[in-house]
1. Go over the candidates Lys61, Lys80 one by one and state the one that is in contact with a Gly (Cβ under 6 Å, 6 or more places away or on another chain), surrounded by 12 or more Cβ atoms within 10 Å (Cβ to Cβ), on the phi < 0 side of the Ramachandran plot and basic (Lys, Arg).
2. Take Val88 and tell me if it is surrounded by fewer than 18 Cβ atoms within 10 Å (Cβ to Cβ), modelled with pLDDT of 95 or more and either over 21 Å from Thr175 (Cβ atoms) or of a type in the set (Asp, Glu) (or both).
3. Could you say whether any residue in the stretch 144-162 is in a loop (DSSP other than H, G, I, E, B), surrounded by 19 or more Cβ atoms within 10 Å (Cβ to Cβ), at positive phi and not β-branched (Val, Ile, Thr)?
4. Which residues, taken from the stretch 94-111, are closer than 19 Å to Ala195 by Cα and without any contact (Cβ under 8 Å) to a residue 40 or more places away in the chain?
5. Could you grab me the full set of residues in the stretch 46-86 that are part of a strand (DSSP E or B) and either hydroxyl-bearing (Ser, Thr, Tyr) or in contact (Cβ under 8 Å) with a residue 24 or more places away in the chain (or both)?
6. What residue, among those in the stretch 195-210 that are touching a residue at least 12 places away in the same chain (Cβ under 8 Å) and assigned to a helix (DSSP H, G or I), is farthest from Met73 (Cα to Cα)?
7. For the stretch 147-170, give me each residue that is in contact with a helix residue (DSSP H, G or I) (Cβ under 9 Å, 6 or more places away or on another chain) and without any contact (Cβ under 8 Å) to a residue 60 or more places away in the chain.
8. Going residue by residue through the stretch 7-22, is there one that turns out to be exposed (fewer than 12 other Cβ atoms within 10 Å of the Cβ), of a type in the set (Val, Ile, Thr), part of a helix (DSSP H, G or I) and modelled with pLDDT of 80 or more?
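The values are calculated or read from the model by the stated rules, or taken from the named source; none is laboratory data. All of these numbers come straight from a predicted model, not from anything done at the bench. Quick reminder, even Gly has a Cβ in these numbers, built from the backbone with ideal geometry, and neighbours come from all protein chains shown.
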Amino acid sequence: MKKITVAIIVILCLIAFRYYFSHPSNTNGPTPYNKNNQAKDTEQARLQAKAKEARQFARQKNYSTRICFLADMNMSSGKKRFFVYDLVADTVLTAGLVAHGSCNQNYLREGQFSNTPDCSCSSLGKYLVSYKYKGKFGDAFKLYGLDSTNSNAFNRFIVLHGYSCVPDYETYPQTICNSLGCPMVSYRFLNNLAAYIQQSPKPIVLWMFQ
């Protein structure tokens with residue numbers, strides 16, 4: 001009987017030992033899961049702050065105060081970082097991937113930004129989404145740069161367009177293809193954006209920020 005009791009105690013100790021080392025305490029800092037949550041909270045806070053500024057800007061300029069497009073270029077291109085934002089409900093309606101410019105390099109993993117003609121870089125700042133036309137890659141929307149950081153956008157032919165190398169799903173930690181400076185999305189996502197653009201009674205603001 002004593003041998004059985006000792007065996008049971010040994011088994012219980014082994015189970016407790018394995019549980020302890022497979023579930024470490026958080027005394028040394030947050031686990032990767034918590035770090036991911038913190039990153040998402042930071043991204044969400046940054047997005048909400050930009051949406052608030054975009055709402056005020058749109059109201060002053062008589063642009064749409066219902067919808068805006070926000071592109072957080074601080075995020076990896078492998079994540080959905082182009083957001084359709086409902087300025088009334090203060091929430092994201094949908095999101096998709098968006099490529100950044102190559103800056104005339106073979107491949108640029110992280111975005112670099114410039115307003116210089118022929119630089120092939122993306123430009124940060126607020127844009128006015130204008131008329132649709134048929135471009136090299138199909139349907140596209142003209143963009144007017146509204147800030148000093150993107151004032152050359154129209155003359156640089158920086159437009160909102162789709163391309164087949166941009167997937168509909170997230171690829172993170174892998175990044176996606178580069179554009180020649182345009183906010184380039186998937187064709188399916190462009191169709192979604194087109195519906196918001198064409199149904200809006202007032203012009204929509206696209207804000208690319210970092």
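1. So the residue among Lys61, Lys80 that is in contact with a Gly (Cβ under 6 Å, 6 or more places away or on another chain), surrounded by 12 or more Cβ atoms within 10 Å (Cβ to Cβ), on the phi < 0 side of the Ramachandran plot and basic (Lys, Arg) is Lys80.
2. yes
3. Among the residues of the stretch 144-162, not one is in a loop (DSSP other than H, G, I, E, B), surrounded by 19 or more Cβ atoms within 10 Å (Cβ to Cβ), at positive phi and not β-branched (Val, Ile, Thr), which makes the answer no.
4. Narrowing the stretch 94-111 to residues closer than 19 Å to Ala195 by Cα: 94-98.
Hit for the stretch 94-111 is Ala95, nothing else.
5. To start, the set of residues in the stretch 46-86 that are part of a strand (DSSP E or B) comprises 67-72, 82-86.
Those that are part of a strand (DSSP E or B) and either hydroxyl-bearing (Ser, Thr, Tyr) or in contact (Cβ under 8 Å) with a residue 24 or more places away in the chain (or both): Ile67, Cys68, Phe69, Leu70, Ala71, Asp72, Phe82, Phe83, Val84, Tyr85.
6. Gln198
7. At the first step, the residues of the stretch 147-170 found to be in contact with a helix residue (DSSP H, G or I) (Cβ under 9 Å, 6 or more places away or on another chain) are 160-164, 166, 168.
Passing the criteria: Leu160, His161, Gly162, Ser164.
8. Of the residues in the stretch 7-22, the ones exposed (fewer than 12 other Cβ atoms within 10 Å of the Cβ) are 7-22.
Still in the running and of a type in the set (Val, Ile, Thr): 8-11, 15.
Within this subset, residues satisfying the condition of being part of a helix (DSSP H, G or I) are 8-11, 15.
From the residues that got through so far, the ones that are modelled with pLDDT of 80 or more too are none.
No, the stretch 7-22 contains no residue that is exposed (fewer than 12 other Cβ atoms within 10 Å of the Cβ), of a type in the set (Val, Ile, Thr), part of a helix (DSSP H, G or I) and modelled with pLDDT of 80 or more.
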